[in-house]
1. Which of the following residues is over 18 Å from residue 48 (Cβ atoms), among the acidic types (Asp, Glu) and under 15 Å from the mean Cα position of the chain (by Cα): 58, 99?
2. Picking from 19, 63, which residue would you name as being outside any loop (DSSP other than H, G, I, E, B) and in contact (Cβ under 8 Å) with a residue 12 or more places away in the chain?
3. Kindly provide the set of residues from segment 72-105 that are of a type in the set (D, E, K, R) and assigned to a strand (DSSP E or B), ordered by number.
4. Of the conditions (1) within 11 Å of the chain's Cα centre (by Cα); (2) part of a helix (DSSP H, G or I), residue 69 clears all except one; give me its number.
5. I'm checking my understanding of the structure. Among residues of segment 10-60 that are closer than 17 Å to residue 86 by Cβ and polar (S, T, N, Q), which one is surrounded by the fewest Cβ atoms within 10 Å (Cβ to Cβ)?
6. Are there any pairs with C-beta distances below 6 angstrom linking a residue in segment 26-53 that is closer than 15 Å to residue 73 by Cβ to a residue that is charged (D, E, K, R), with the two at least 6 apart or on different chains, and if so which?
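Rule-based calculations on the coordinates, nothing more; no lab input. As the structure is a computational prediction, the values presented were derived from the model and not from experiment. Heads up, the Cβs are rebuilt from the backbone with ideal geometry, glycines too, and the neighbour counts pull from every protein chain shown.
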Amino acid sequence: MKSYKVKVSPNAKKELKDRLAYLVKVKQNKQAANNVMQDYRETRESLSRIAGSIKEADSKKLRERSLKRINFHRHDYFLLFRIDGEVVTVTNVFHFLEDYENKLK
């Protein structure tokens with residue numbers, strides 16, 4: 001089985017941090033933030049094993065940017081990523097309800 005090195009872009013790190021801060025500060029639920037963080041780690045670990053088998057995105061905008069999507073295992077968040085040889089780069093972290101296509105730079 002092929003294994004990938006997973007890198008997380010500064011932008012994706014900031015997006016994750018912002019989402020966790022929202023859970024802690026606005027929702028006042030530190031446990032939820034901890035649970036989402038654990039799910040993120042598990043999803044990122046899965047990505048290192050299965051990135052190449054994830055189908056091409058349905059979205060034309062994502063395909064144009066060579067981006068694929070993997071959903072968190074237990075929460076309503078997902079990662080956008082691209083594959084370059086043996087390296088997977090996570091570019092974004094979004095919630096299911098976000099209009100993520102219009103937020104892509």
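1. 99
2. 19
3. 82, 84
4. Against the list (1) within 11 Å of the chain's Cα centre (by Cα); (2) part of a helix (DSSP H, G or I), residue 69 comes up short only on (2).
5. We begin by selecting, within segment 10-60, every residue closer than 17 Å to residue 86 by Cβ; these are 44-54.
If we keep only those that are polar (S, T, N, Q) as well, we get 46, 48, 53.
On the way: 46: 15, 48: 13, 53: 8.
It comes out as 53.
6. These pairs meet every condition: 39/74.
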